[in-house]
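Quick notes on the structure that follows.
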Amino acid sequence: MVLLRHISIALTAAVAALGSALFIALNFFYKRRIWSPQAEYCTIKEVRRRSVGKRQVLVLGLDGAGKEEQHAARVDPGEAADKRGRCRPTRGFNFMSLNAPACQLDFLEESQSLCNTKFMFSPLVGGGEDLRRYWSEYLRKTHVLVYVVDSSDRTRLPLAKAELHRLLRVEPHLPVVVLGNKQDKPNAVSVSELHEALSLSSITEERRLFLLAAQLGSDGALRNSCRGLDTFQDLLLQLV
Ligand SMILES: Nc1nc2c(ncn2[C@@H]2O[C@H](COP(=O)(O)OP(=O)(O)OP(=O)(O)O)[C@@H](O)[C@H]2O)c(=O)[nH]1
Ligand SMILES: [Mg+2]
């Protein structure tokens with residue numbers, strides 16, 4: 001009985017000693033990992049690499065401007081042709097992605113995107129009246145704004161202009177690409193009329209601003225005055 005008690009005391013002491021040694025060893029190991037200058041350098045480098053890699057292009061525009069079709073056309077022109085005219089208004093936002101040889105494009109619709117030279121990301125946000133109040137929330141994380149306007153919706157051009165200028169006031173230096181969409185429609189305003197109607201001349205010269213005409217072809221492919229998708233992508237890559 002006495003022998004058993006001694007054995008159990010010895011075992012308890014051994015376990016306690018082993019536990020303490022383990023605790024001290026782990027503590028020493030992790031302290032070194034956290035505080036060593038090298039570990040700190042790696043963490044900073046990692047964070048920097050991540051932030052350089054994330055560039056975002058936000059796609060906004062009034063409801064029905066053609067934001068979704070524009071993005072669908074970039075992802076899959078054939079499918080865009082099938083879906084033509086059957087797009088439903090976006091509630092909230094969509095997210096799409098495209099793997100191109102030079103870069104990957106991810107599109108989020110609410111009518112938003114990103115990139116290091118190899119990677120581009122883009123969210124789209126719905127353009128309905130109830131959703132427009134949230135647009136400015138997306139601007140903070142954005143590196144380029146693509147603003148899609150329905151060139152044939154003449155009565156709502158003043159509203160499109162008011163919403164655009166409201167966004168520009170929130171982010172005074174954000175580069176902007178205005179897409180004058182639906183140029184195929186007979187009543188569409190020309191690019192110069194659009195420039196006038198959206199008061200683009202009042203925008204300061206420090207801001208990088210581009211106005212492009214765009215339309216979807218019968219094959220669902222996007223045609224714009226930037227001579228095709230590659231050049232449009234190149235423009236975005238330069239701006240992000
Ligand atoms: N004729 C013509 N129609 C287009 C063009 N682009 C889009 N559309 C049509 O316009 C309608 C609205 O397009 P969407 O892409 O759904 O519009 P949206 O900007 O995403 O609208 P919300 O989701 O409501 O914000 C659809 O019926 C499209 O087929 C274009 O270049 N030409
Ligand atoms: Mg939509």
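Just so you know, all these numbers are worked out from the coordinates, no wet-lab data involved. Quantities reported herein were computed from a predicted structural model and do not represent experimental measurements. Backbone-built Cβ (ideal geometry, glycine too); neighbour counts: all protein chains shown.
Between 193, 205, which is away from ligand 1 (no atom under 14 Å from the Cβ) and in a loop (DSSP other than H, G, I, E, B)?
205
Across segment 164-178, what is the total count of residues that are farther than 12 Å from residue 199 by Cβ and surrounded by 20 or more Cβ atoms within 10 Å (Cβ to Cβ)?
Selection size over segment 164-178: 4.
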